[in-house]
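Quick notes on the structure that follows.
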Amino acid sequence: MLGKVVCYVSSDETDPGLTQGSASILPFFIGAGLFRIIFFHTLQADVMLTQLLDLDNLDLKRSVHPVHYIHMFHSMVSTHMADRADSYDHYDTILCAGPHHIREIRKRESMHKLKPKQLIEHGYARLEQLIDEHREPPELDGQIIHVLLAPSWGEQSILNLCGEELSAILLEAGFRLTLRPHFQTRWNTPEVIDRIVHRFGDHPRFTLVEEMSESDSLYDSQVMITDWSGAGIDYGLGLEKPVLYIDVPPKSRNSTYRELEIEPFESLIRESIGVILMTEKIATAPDVIRELLENPQQFREQVRSLRRKSVFNLGHSAKVGAIAVARIADEIADGR
């Protein structure tokens with residue numbers, strides 16, 4: 001990064017970032033549990049760049065030494081509904097993916113008299129990756145529509161509320177169905193996945209994908225079905241393909257999110273990149289999907305216009321972020 005040497009720290013032994021093979025990147029596997037807690041508490045560094053949420057709120061605290069903490073978003077979703085009210089309060093700088101992040105953070109700072117953070121107009125690398133790697137799915141003329149079911153997790157998610165029924169409806173309609181459950185579903189309610197697989201696992205048009213790194217289902221499907229997952233935003237804005245949102249209750253870890261009087265981005269964007277379908281009307285899902293796919297060129301143009309307004313520095317966020325982090329590190333070094 002601009003001639004800097006970077007220490008790359010991970011709790012996941014299989015993290016590919018630990019094996020990048022660059023002389024400028026020093027990898028460290030710190031594991032989890034007590035050792036990770038101690039590592040955070042005693043860290044000595046000028047700058048720490050992280051996608052970790054809830055710094056200083058839970059087990060992982062700010063260091064006893066002076067460290068400048070920079071947060072980088074791993075999703076386009078808003079800051080005030082999906083996460084805790086104070087999830088972003090304890091960082092010094094935040095690399096914002098879009099204008100909505102700046103509006104939300106500044107509003108909370110103003111309302112609660114928090115020390116203003118340095119907010120950088122950064123962008124969102126995952127979106128750029130999807131745009132770069134995008135490939136057209138098979139043409140629909142004479143082909144079976146391929147539906148990707150990729151919901152969020154929890155008791156109020158699609159799989160828990162109506163996953164088996166919805167899967168049956170889609171397969172009976174003649175669609176190809178790929179189920180891509182959130183990894184937390186396998187951890188928390190594995191029986192929900194197992195019931196669907198037990199019933200449809202041998203169906204020739206059903207596929208289960210549980211590998212987080214798998215991408216073919218994203219590129220080869222024509223439409224995604226989800227609920228409040230940030231994956232829907234990535235799919236719609238990145239791959240320029242429509243999203244069918246099943247209207248289950250919002251996924252929120254903040255009961256006071258309405259106090260900001262800002263509609264969360266994941267709610268605001270739904271009808272711009274797809275359609276919202278009430279759970280009691282899921283029998284109509286096949287017809288809604290066919291309608292969504294009727295005018296792909298118009299949809300692409302709509303998405304591109306929305307993307308230009310919603311995401312910072314599209315196509316060069318990595319360079320912008322690296323320059324910002326290096327500048328902060330240099331300022332700290334010069335001030336010592």
**Prompt:** Between the DSSP loop rule and a limit of at most 15 other Cβ atoms within 10 Å, which trypsin sites (Lys or Arg not before Pro) in region 193-264 are left?
**Reply:** Arg205, Arg253
**Request:** Would you mind ranking Ser310, Ser110 by Cβ crowding within 10 Å, fewest neighbours first?
**Result:** Ser110, Ser310
**Compactness relative to 2.2 N^0.38 Å, alpha carbon Rg of region 130-310** = 1.00
**Fill in**
The helix 296-310 Cα axis meets the longest alpha-carbon principal axis of the chain at an angle in degrees, between 0 and 90 and rounded to 10, of 20
**Request:** Would you please report the Å³ per residue occupied by the convex hull of the alpha carbon atoms in region 208-336?
**Result:** 188
**Likely footprinting exposure, Thr178, Thr256, Thr189, fewest C-beta neighbours within 10 Å first** = Thr256, Thr189, Thr178
**Complete:** Expressed as a whole-number percentage, the relative contact order of the chain with C-alpha contacts under 8 angstrom and at least six residues apart is 18
**Fill in**
The answer for the net charge of residues other than Ser215 whose Cβ lies under 11 angstrom from its Cβ, with Lys and Arg +1 and Asp and Glu -1, is -3
**Fill in**
Only helices counted: for the chain, with every DSSP H run of 4 or more residues adding -39500 (n - 2.57) and the sum spread over all residues, [θ] at 222 nm is -10500 deg cm²/dmol
**Request:** Just the Kirkwood number for the chain, please: inverse of mean 1/r across all distinct Cα pairs, in Å, one decimal.
**Result:** 21.6
**Fill in**
Note to self: C-alpha centroids of region 276-321 and region 55-72 sit apart, in Å, by 36
**Message:** If you build the convex hull over the alpha carbons only and average its shadow over all orientations, what do you get for region 63-203? Give it in nm² to one decimal.
**Reply:** 12.5
**Item:** Amide H contacts under 5 Å for His134, placed H, 5+ residues apart
**Value:** none
**Prompt:** Among Ile262, Ile131, Ile38, which one shows the biggest mean-square fluctuation in a GNM of the chain, springs joining Cα atoms closer than 10 Å?
**Reply:** Ile38
**Message:** Place a point 7 Å from the Cα of Asp247 along the Cα-to-Cβ direction; which residues of region 195-226 have their backbone N under 20 Å from it?
**Reply:** 224-226
**Prompt:** Ranked by Cβ crowding within 10 angstrom, fewest neighbours first, how are Met76, Met278, Met48 ordered?
**Reply:** Met278, Met48, Met76
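No lab work stands behind these numbers, since they all come straight from the coordinates. Predicted, not measured: the structure shown is a model, and the values here were computed from it. All Cβ positions, glycine included, derive from the backbone under ideal geometry; neighbour counts span all protein chains shown.
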